[in-house]
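Enquirer: Sharing a structure with you now.
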């Protein structure tokens, strides 16, 4: 068991056996034997490896064996296997802590995910994709208004959302997977909020459209259409923009971005999908964005990133009910006990509790 944990932590750190050996001051041969459970490391060796790998020593003794199933990356073809291993290792470590907490709570307040009832079985057009997005909004009692906290909305419905600092590459836009039958979506912790939200909505689209699309529909295009429709329903887009436009002012798009959490470029796509901008008008908009180098980095204040709140909230719930002590709470939150005690002070809660 310890061997598997050492290997998992090493891959999550992106280290080879030789890299870990150099950092921990032991031989690569010894690490190979530890990972294959041929030898058992001493407490001193475990401490050296924990420091080299950036984990607590208790990590090596966790019993939970987590496997990510049905892993899907939005963009991954150009990412080396070493980076993908690092991403998945980071995600698994977070999930393990989450499952530990769920086992501690006598009754978990976390809902079990289920698909909304009544979704059409066969989706034959992108217009019908929009209808699926509206059906999900209706089932979740979201109306047509902007969604203020998308991560919270998903967590309330039983979808686990995790963030990672590893996901900073433009070639990577997050991943979706299943753990024990629960949908998991991972986004970059420091991505702008609009990028986080579109990735979440896109992966939600894959989840809702699975096994419903007819062959003539492209799965990625359908998930993108779902994402746009879920973030900004057609009626809201027409209300904000009008039924027909020849041009959209950048300042107008910036305001809408901060209202709905959909990027300025996302609004151009949305207006084009709905026929508010015809092909010629949309082409002019894209030419203007390219000439100003706004295709990758949009002008104005970026939308702040969202943060998952449920896990930290449940840690403090367990602490309040004496189900765990400060040390365990700090371990679950992956922070030193000194930092955790500072976090407990009410004066710090708004600034720090959910960062």
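Enquirer: Given the structure, is residue 136 part of a helix (DSSP H, G or I), more than 24 Å from residue 54 (Cβ to Cβ) and not assigned by TED's automatic domain parsing to the domain that holds residue 315?
Expert: yes
Enquirer: So, one more: Please verify whether residue 117 is over 21 Å from the mean Cα position of the chain (by Cα) and in contact (Cβ under 8 Å) with a residue 12 or more places away in the chain, treating the condition exactly as stated.
Expert: Yes; evaluated as a whole, the condition is true for this residue.
Enquirer: Another question about this same structure. Output the residues belonging to segment 212-240 that are without any contact (Cβ under 8 Å) to a residue 24 or more places away in the chain and assigned to a helix (DSSP H, G or I).
Expert: Once the filter is applied, which keeps residues that are without any contact (Cβ under 8 Å) to a residue 24 or more places away in the chain and assigned to a helix (DSSP H, G or I), segment 212-240 yields 219, 220, 223, 239, 240.
Enquirer: Checking the structure you have, find out if any residue of segment 57-77 is over 30 Å from residue 199 (Cβ atoms) and free of Cβ contacts under 8 Å to residues at least 24 places away in the same chain.
Expert: So far as segment 57-77 goes, yes, one or more of its residues are over 30 Å from residue 199 (Cβ atoms) and free of Cβ contacts under 8 Å to residues at least 24 places away in the same chain.
Enquirer: Another one. Go through (1) assigned to a helix (DSSP H, G or I); (2) touching a residue at least 60 places away in the same chain (Cβ under 8 Å); (3) under 30 Å from residue 80 (Cα atoms) for residue 129 and report which single condition fails.
Expert: Checking residue 129 against (1) assigned to a helix (DSSP H, G or I); (2) touching a residue at least 60 places away in the same chain (Cβ under 8 Å); (3) under 30 Å from residue 80 (Cα atoms), the one that fails is (3).
Enquirer: I'm trying to understand the selection: among the residues of segment 303-318, which are surrounded by fewer than 17 Cβ atoms within 10 Å (Cβ to Cβ) and under 21 Å from residue 251 (Cα atoms)?
Expert: Scanning segment 303-318 gives a single hit, 304.
The values are calculated or read from the model by the stated rules, or taken from the named source; none is laboratory data. Quantities reported herein were computed from a predicted structural model and do not represent experimental measurements. Virtual Cβ from ideal backbone geometry, glycine too; neighbours counted across all protein chains shown.
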